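Single-structure report; data block below.
The values are calculated or read from the model by the stated rules, or taken from the named source; none is laboratory data. Computed from a prediction, not measured in an experiment: that's the story for all the values here. Note that each Cβ is placed from the backbone with ideal geometry, even for glycine, and that neighbours are counted across all protein chains shown. Accessible surface areas use protein heavy atoms only, side chains included; no ligands, DNA or RNA. Shrake-Rupley method; radii C 1.70, N 1.55, O 1.52, S 1.80 Å.
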Amino acid sequence: MRKLFSLLFCFFLLNLHAQEPEKLNASEIFQKIKKLNFLGSVLYIGAHPDDENTRLISYFSNEKHTRTAYLSLTRGDGGQNLIGPELREQLGLIRTQELLAAREIDGGEQFFTRANDFGYSKTPEETLEIWDKEKVLSDVVWIIRNFKPDVIINRFDHRTPGSTHGHHTSSALLSLEAFDAAANPNKFPDQLNYTNTHQPKRAYFNTSPWFYGGEEAFEEASKDRFISFDTGVYFPLLGLSNPEISSLSRSQHQSQGFGSTGSRGKQMEYLEPIKGDTIRSQDVFEGIDTSWNKLEGGAEISKILHQVEENYSFTNPAASLPQLLEAYKLIQKLPNEHWRELKTKEIKNIIYASTGLFLEAVASQPSATPKDSVTIKLEAINRSDFPVILSSIELSPNDSKVQPETELKNNENWQNKIALKVPEKTSYTTPYWLEEESKNGMYIVKNRELIGLPETPGLTKAVFKLTFKDVSLNFEKPIVYKYNDAVFGETYQPFEVIPKISLAFEEDVIIFENEESKKVSVKLTSGKPNIQGEVSLTAGDNWKIKPENHKFQLQQKGSSVTVTFEVTPPKEQEETFIIPSATINGEEFSEKLISIDYKHIPKQNLVVPAKLKVARLEIEKKGDLVGYIEGAGDVVPESLQQIGYRVNKLNVASISQASLQKYDAVVLGIRALNTVEALKYKQQALFDYVKNGGNLIVQYNTNRGLVTENISPFPLELSRDRVTDETAEVRFLAEDHPILNFPNKITEKDFENWVQERGLYFPDSWSEDFTPILSMNDKNETPKNGSLMVAKYGEGYFIYTGLSFFRQFPVGVAGAYRLFANMISIGK
Ligand SMILES: [Zn+2]
């Protein structure tokens with residue numbers, strides 16, 4: 001067990017982008033040799049993808065040759081997505097891969113805990129109440145015990161709760177608690193069946209101008225407590241400065257729009273010692289032995305490998321092979337298991353690259369289903385004069401094998417084909433932390449050995465056994481799929497195991513605004529050729545579904561058919577899920593296959609239970625035609641169509657008061673006043689439309705970076721007020737106002753089942769023309785009254801709301817629909 005785990009934990013050392021082969025050049029090999037000779041490590045700890053200081057990670061990895069990792073407590077599931085529609089778990093998956101892409105550039109490794117990024121949190125107390133604190137702490141301890149850092153660096157200050165995101169302060173607090181707990185055998189003793197305790201030597205807080213409110217304030221602050229060093233170093237071997245590498249790494253955070261331009265020259269970093277033996281030296285490893293000498297049996301290895309470093313040939317790296325193989329043999333004899341496994345992985349990678357090896361196993365198709373047989377094309381080549389024998393290649397999970405026992409001569413390509421039979425019990429390709437539905441701010445992971453890992457280790461692989469004189473080495477390669485793209489050329493993607501059939505609804509939510517039945521379609525897509533069966537839907541007893549089932553037949557793999565059912569809702573308001581089920585030869589399937597494909601990260605496959613949220617609403621509405629101005633992206637248009645409105649998306653450039661007159665209401669998408677430059681010139685037309693009897697609904701904007709100060713016909717100041725507790729009590733300030741009474745009577749019940757938060761960026765001051773409708777607040781805070789503001793202007797109404805309708809609509813929250821219908825209907 002223990003062995004299996006450490007192998008998993010080291011997996012990503014060699015295979016960051018599992019499907020794309022790493023091809024090291026002579027300079028990069030030399031960097032790896034330097035790293036092989038450095039036995040020290042740094043663990044950087046933050047809360048989210050993007051919290052990490054890539055400049056520092058790159059500095060430790062490339063300048064100090066330190067084994068460096070970033071532990072992000074969450075996968076960033078709660079944020080916004082600037083490059084596509086994915087949110088929540090799917091966004092977390094994208095950000096996970098963006099972090100891996102960043103680490104591939106800056107040379108770090110990546111870990112996560114099971115904590116789910118549930119959205120903004122004001123205090124660490126709140127954060128640790130929503131997360132299962134003991135579980136997150138246990139994960140941080142687990143990662144420290146396995147990674148065994150000498151030095152821990154916190155991104156955030158553990159002493160300033162409330163001044164930043166609660167997740168941030170929590171990451172620092174948990175890090176310090178884990179610093180001690182990792183060394184204490186009485187803490188999480190079950191982990192010690194798999195690993196052993198570890199005591200990091202010291203911990204720092206990586207302070208920066210950000211914590212002082214700006215460069216100027218930081219300049220003036222006393223830095224006596226800090227150690228500091230210049231990270232603006234230049235690497236002639238790579239042709240890049242450290243800040244340039246760091247920017248390339250940071251620019252991988254595309255879903256957050258963190259494109260970054262590199263700089264050159266001095267770049268100071270500041271670390272404040274906060275725990276452990278806090279030696280004051282500019283070198284964080286001062287007093288820590290980071291040489292081979294710290295290991296029993298290390299001195300001899302050190303001698304050989306330092307010769308390799310000194311005599312390295314940039315024109316012929318293979319010249320080092322005899323000594324590298326000698327060192328490899330000695331590393332196998334190290335009594336210390338942690339270092340033996342770690343350094344074995346590193347030196348094998350160096351031997352591989354120095355030999356100019358290329359080993360690859362490519363599937364003839366991008367995916368397969370359990371029990372399928374797939375042809376795997378094998379390729380092996382040696383680009384050195386060093387004699388190498390290709391002994392065997394064995395596939396996993398099934399053990400089909402070839403044993404060529406042939407010499408790989410310099411630059412002579414060896415190829416073969418072999419069949420992979422996917423065993424019946426093989427799991428589908430999907431992220432391990434999403435196999436079960438998350439609960440209470442935590443992902444559920446059944447296999448404890450996977451906890452901490454950034455992604456699921458490849459399910460299918462080929463093991464190439466090569467013999468270098470008297471040394472046999474196994475090289476594991478993931479089975480990949482690749483094709484030639486007419487624009488992008490050679491394109492790799494992971495080889496995936498998928499269900500025989502996947503089922504997908506066209507929508508995530510269907511709203512029934514009255515008793516009438518609606519058509520519900522399910523798209524069936526086959527994962528293999530020639531399948532046939534039946535498909536049916538189930539919902540609660542109160543829902544009627546016709547027909548009972550549909551038969552289907554699909555000839556080609558990847559082909560689809562859509563079948564339609566008629567669903568009649570109950571008379572009373574009710575929310576439930578419709579679950580589809582397909583039967584093929586007695587085998588049942590109910591999964592949806594989701595593919596996420598962006599250029600900067602590997603294609604991701606996600607297999608989740610298929611389901612459709614349905615809600616029968618008791619909803620009245622007035623008005624018919626709504627104009628919508630798109631902002632940063634929300635599903636308000638689709639949601640309003642669901643409850644029977646007609647919605648036209650407006651082209652801002654051609655807006656005029658006259659063109660708006662036909663609309664019963666005009667709605668601005670979220671952050672439209674932050675993102676749509678052209679609105680600067682159209683506010684007057686919108687206000688005139690209101691004056692003449694129109695109804696303008698403005699959803700939340702942030703108070704920084706507005707395209708115009710003129711956001712309202714009357715004075716209205718935006719603030720950073722927000723209510724993050726989605727269950728916070730909602731009090732009615734204007735009980736008799738039409739917006740709470742017409743045509744739907746809004747009650748407390750309409751604020752049930754809200755998700756993630758009540759709302760954000762509420763106004764905090766306004767002129768008397770406005771009526772504040774609702775009051776709410778988070779625990780221990782003063783009431784916030786700006787979530788829904790209504791003003792009569794001329795003949796019409798101007799409404800400003802920071803309520804997060806954009807989060808409630810996609811999950812079918814009944815009350816959110818009813819209140820929005822009132823906003824549109826006001827004055828009608
Ligand atoms: Zn953050």
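List of remarks:
- Qualifying residue in region 543-550 (condition: assigned to a strand (DSSP E or B) and at pLDDT below 95): no
- Looking only at residues of region 363-380 that are of a type in the set (Ser, Thr, Tyr) and in a loop (DSSP other than H, G, I, E, B), we find that the one that is nearest to Ser392 (Cα to Cα) is Ser364.
- Test: residue in region 126-133 that is closer than 24 Å to Thr197 by Cα, within 15 Å of the ligand (Cβ to nearest atom), polar (S, T, N, Q) and open to solvent by less than 10 Å² (accessible area, probe 1.4 Å): no
- Within region 303-335, the set of residues being part of a helix (DSSP H, G or I), among the hydroxyl-bearing types (Ser, Thr, Tyr) and open to solvent by 20 Å² or more (accessible area, probe 1.4 Å) comprises Tyr328 only.
- Restricting attention to region 661-715, the residues being in a helix (DSSP H, G or I) and charged (D, E, K, R) number 4.
- Which listed residue, of Glu449, Glu515, Glu455, is assigned to a helix (DSSP H, G or I) and farther than 26 Å from Ser560 by Cβ: Glu449
- Subset of region 306-336 (residues that are touching a helix residue (DSSP H, G or I) at 6+ places or on another chain (Cβ under 6 Å) and of a type in the set (D, E, K, R)): Glu309, Glu326
- Qualifying residue in region 26-45 (condition: within 16 Å of the ligand (Cβ to nearest atom) and either modelled with pLDDT of 95 or more or of a type outside the set (Lys, Arg) (or both)): yes
- Within region 218-234, restricting attention to residues that are open to solvent by less than 30 Å² (accessible area, probe 1.4 Å) and farther than 24 Å from Val151 by Cα, the residue that is farthest from the chain's Cα centre (by Cα) is Ala221.
- Among the criteria (1) touching a helix residue (DSSP H, G or I) at 6+ places or on another chain (Cβ under 6 Å); (2) assigned to a helix (DSSP H, G or I); (3) within 16 Å of the ligand (Cβ to nearest atom), the one His158 does not fulfil is (2).
- Condition check for Tyr628: surrounded by 22 or more Cβ atoms within 10 Å (Cβ to Cβ), part of a strand (DSSP E or B), touching a strand residue (DSSP E or B) at 6+ places or on another chain (Cβ under 8 Å) and not aliphatic (A, V, I, L, M): yes
- Filtered residue count, region 66-92, keeping only those that are within 12 Å of the ligand (Cβ to nearest atom) and at positive phi: 1
- Filter result for Leu450 (within 22 Å of the chain's Cα centre (by Cα) and touching a residue at least 12 places away in the same chain (Cβ under 8 Å)): yes
- Residues of region 157-193 satisfying the condition of being in contact with a Leu (Cβ under 9 Å, 6 or more places away or on another chain) and either over 16 Å from Ile274 (Cβ atoms) or open to solvent by less than 30 Å² (accessible area, probe 1.4 Å) (or both): Gly166, His167, Ser170, Ser171, Leu174, Ser175, Ala178, Ala181, Pro185, Lys187, Phe188
- Matching residues in region 577-619 - criterion: being in a strand (DSSP E or B), open to solvent by less than 30 Å² (accessible area, probe 1.4 Å) and out of contact with any helix residue (DSSP H, G or I) (no Cβ under 9 Å at 6 or more places or on another chain): Ile578, Pro580, Ser581, Ala582, Ile584, Phe589, Asn605, Leu612, Val614
- Any pair with Cβ under 6 angstrom, 6 or more apart, that starts in region 155-166 at a residue that is farther than 19 Å from Tyr270 by Cα and ends at one that is open to solvent by less than 20 Å² (accessible area, probe 1.4 Å): Pro161/Pro124; Pro161/Thr169; Gly166/Ser121; Gly166/Pro124; Gly166/Thr127
- Checklist (1) in contact with a Ser or Thr (Cβ under 6 Å, 6 or more places away or on another chain); (2) among the basic types (Lys, Arg); (3) within 16 Å of the ligand (Cβ to nearest atom) applied to Arg145, failing item: (3)
- In region 52-87, residue most open to solvent (accessible area, probe 1.4 Å) [restricted to those that are over 30 Å from Asp508 (Cβ atoms) and part of a loop (DSSP other than H, G, I, E, B)]: Lys64
- Some residue of region 738-757 being in a strand (DSSP E or B) and among the polar types (S, T, N, Q): no
- Lone unmet requirement of (1) part of a loop (DSSP other than H, G, I, E, B); (2) under 30 Å from the mean Cα position of the chain (by Cα) for Arg280: (2)
Conditions (1) part of a loop (DSSP other than H, G, I, E, B); (2) modelled with pLDDT under 95; (3) under 30 Å from the mean Cα position of the chain (by Cα); (4) within 16 Å of the ligand (Cβ to nearest atom), marked per residue:
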| residue | (1), (2), (3), (4) |
| --- | --- |
| Val141 | no, no, yes, no |
| Gly162 | yes, yes, yes, yes |
| Leu176 | no, no, yes, no |
| Lys187 | yes, no, yes, no |
| His198 | yes, no, yes, no |
| Glu216 | no, yes, no, no |
